[in-house]
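Following: one structure in structure tokens, then a few remarks.
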């Protein structure tokens with residue numbers, strides 16, 4: 001089984017976020033995959049991920065554990081992008 005949660009935390013106050021996280025955590029089991037797509041680390045305070053992946057222009061550019069999410073919360077994406085020589089601009093927007 002697989003659940004895909006695309007920006008489920010968007011627009012939620014802290015109480016609603018906690019309620020959603022409790023519901024998601026009840027789904028956690030070995031035979032269940034849960035993909036959480038988020039721009040904010042806040043939900044990960046309640047649902048601690050086994051893996052964290054950073055996507056840029058539709059490609060995974062960095063993978064790690066929960067510490068990667070905490071690092072991004074502290075420093076943003078720019079250090080990762082700079083290290084990889086990548087831009088925030090979508091590929092179609094980059095001038096040739």
Going through the range 1-16 in order, the residues found to be part of a loop (DSSP other than H, G, I, E, B) and loosely packed, with under 15 Cβ neighbours inside 10 Å are 1, 7, 10, 11, 13
Criterion first (surrounded by 15 or more Cβ atoms within 10 Å (Cβ to Cβ) and more than 30 Å from residue 87 (Cα to Cα)) does residue 21 satisfy it? yes
| Taking the stated definitions as given, is residue 29 out of contact with any strand residue (DSSP E or B) (no Cβ under 7 Å at 6 or more places or on another chain), surrounded by 12 or more Cβ atoms within 10 Å (Cβ to Cβ) and either at positive phi or not assigned by TED's automatic domain parsing to the domain that holds residue 68 (or both)? | no
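Table: residues versus (1) surrounded by 15 or more Cβ atoms within 10 Å (Cβ to Cβ); (2) in the same structural domain as residue 4 (by TED's automatic domain parsing); (3) in contact (Cβ under 8 Å) with a residue 24 or more places away in the chain; (4) under 28 Å from residue 13 (Cβ atoms).
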{"site": "34", "(1), (2), (3), (4)": "yes, yes, yes, yes"}
{"site": "37", "(1), (2), (3), (4)": "no, yes, yes, yes"}
{"site": "44", "(1), (2), (3), (4)": "yes, yes, yes, yes"}
{"site": "54", "(1), (2), (3), (4)": "yes, no, yes, yes"}
{"site": "58", "(1), (2), (3), (4)": "no, no, no, no"}
{"site": "62", "(1), (2), (3), (4)": "yes, no, no, no"}
{"site": "69", "(1), (2), (3), (4)": "yes, no, yes, yes"}
{"site": "75", "(1), (2), (3), (4)": "no, no, no, yes"}
{"site": "80", "(1), (2), (3), (4)": "yes, no, yes, no"}
Over the range 62-91, the set of residues touching a helix residue (DSSP H, G or I) at 6+ places or on another chain (Cβ under 6 Å) and over 23 Å from residue 21 (Cα atoms) is 62
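Taking the criterion of being in a helix (DSSP H, G or I) and within 12 Å of the chain's Cα centre (by Cα), would at least one residue in the range 17-34 satisfy it?
The answer is no; no qualifying residue exists.
The values are calculated or read from the model by the stated rules, or taken from the named source; none is laboratory data. All values derive from a computational prediction rather than experimental measurement. Using ideal geometry, Cβ is built from the backbone for each residue, glycine included, and neighbour counts are taken over all protein chains shown.
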